[in-house]
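Worksheet: the structure to be examined is printed underneath.
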Amino acid sequence: MLDKLAVIFPVNNNTDMQFYQNTWLRNYLYPVCDWPGPGCKIVCHRTSTYRTLDKKTKCFARAIKRFEDKELFIKLDDDALVDIDYVIGLIKKYQGYHKPVYISDHERTQPRNFPDSLNGVMYGNGKFYMFNRKLVQCLDTDIKYRGSPNEDSVFGGMVSNGCGENNVEYVQEDDRWIWHKEYTNKNKHIDLSFIKNH
């Protein structure tokens with residue numbers, strides 16, 4: 001079942017790949033790197049900063065259009081974790097689904113004073129979003145916009161422009177099974193947030 005899953009994982013020089021290689025994600029990780037390197041499965045050939053993550057998002061969106069053997073995708077930040085049983089439940093529910101699916105904690109971009117393709121689009125919180133091949137197929141990876149906006153709103157814009165919001169199944173994630181910046185459960189407390197050299 002998990003062999004149809006790709007976990008899209010934008011990384012930088014500060015990402016601790018050893019940590020993630022020791023989790024259930026290990027065999028499904030598709031690191032998105034600036035430059036070629038060990039373990040990099042998607043390479044963008046440009047140095048990224050926090051302010052240029054929108055370009056990295058467009059890069060991986062173009063790349064995964066060629067992943068024809070994958071049916072479901074997770075985009076995961078490098079300071080987040082997701083529960084395997086939760087993911088398996090989502091796969092069982094949405095594998096082979098009849099329309100584009102976009103699972104996340106969605107919100108709308110704020111209206112602006114000028115017309116723009118990202119005005120008022122629905123987008124998911126970047127710590128985690130999951131989507132299917134039908135969504136990938138209709139993404140508008142040539143989207144045009146002004147400035148350097150939040151990378152997650154750019155992905156939402158690619159969905160809205162390419163697929164049409166009315167054609168997409170927007171599903172609210174269950175945050176009980178997704179940990180961002182810290183993991184706390186029973187006798188464990190792990191700080192997942194980045195060290196300030198990021």
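A few notes on this one:
- When S160, S117 are screened for being among the hydroxyl-bearing types (S, T, Y) and within 16 Å of the chain's Cα centre (by Cα), only S160 passes.
- Restricting the stretch 127-157 to residues that are more than 13 Å from the chain's Cα centre (by Cα) and among the β-branched types (V, I, T), the residue that is modelled with the highest pLDDT is T141.
- Pairs where the first residue, in the stretch 170-186, is closer than 20 Å to Y20 by Cα and in a strand (DSSP E or B) and the second is hydroxyl-bearing (S, T, Y) and at pLDDT below 95, C-beta under 8 Å, 6+ apart: E182/S193
- Scanning the stretch 129-157 for residues that are within 20 Å of S48 (Cα to Cα) and either touching a Cys at 6+ places or on another chain (Cβ under 8 Å) or hydrophobic (A, V, I, L, M, F, W, C) (or both) returns I143, V154, F155.
- Residues in the stretch 50-67 that are over 16 Å from the mean Cα position of the chain (by Cα) and modelled with pLDDT under 95: R51 alone.
- Leading residue by the ranking (nearest to N132 (Cα to Cα)) among those in the stretch 35-49 that are at pLDDT below 95 and touching a helix residue (DSSP H, G or I) at 6+ places or on another chain (Cβ under 9 Å): G39
- Filtered residues of the stretch 146-167 (kept if open to solvent by 40 Å² or more (accessible area, probe 1.4 Å) and either in a loop (DSSP other than H, G, I, E, B) or hydroxyl-bearing (S, T, Y) (or both)): R146, G147, S148, N150
The values are calculated or read from the model by the stated rules, or taken from the named source; none is laboratory data. None of the values given here were measured: they were computed from a predicted structure. As a convention, Cβ positions derive from the backbone with ideal geometry for all residues, glycine included, and neighbour counts pool all protein chains shown. What goes into the accessible areas is simple: the full protein's heavy atoms, side chains included, and nothing from ligands, DNA or RNA. Shrake-Rupley method; radii C 1.70, N 1.55, O 1.52, S 1.80 Å.
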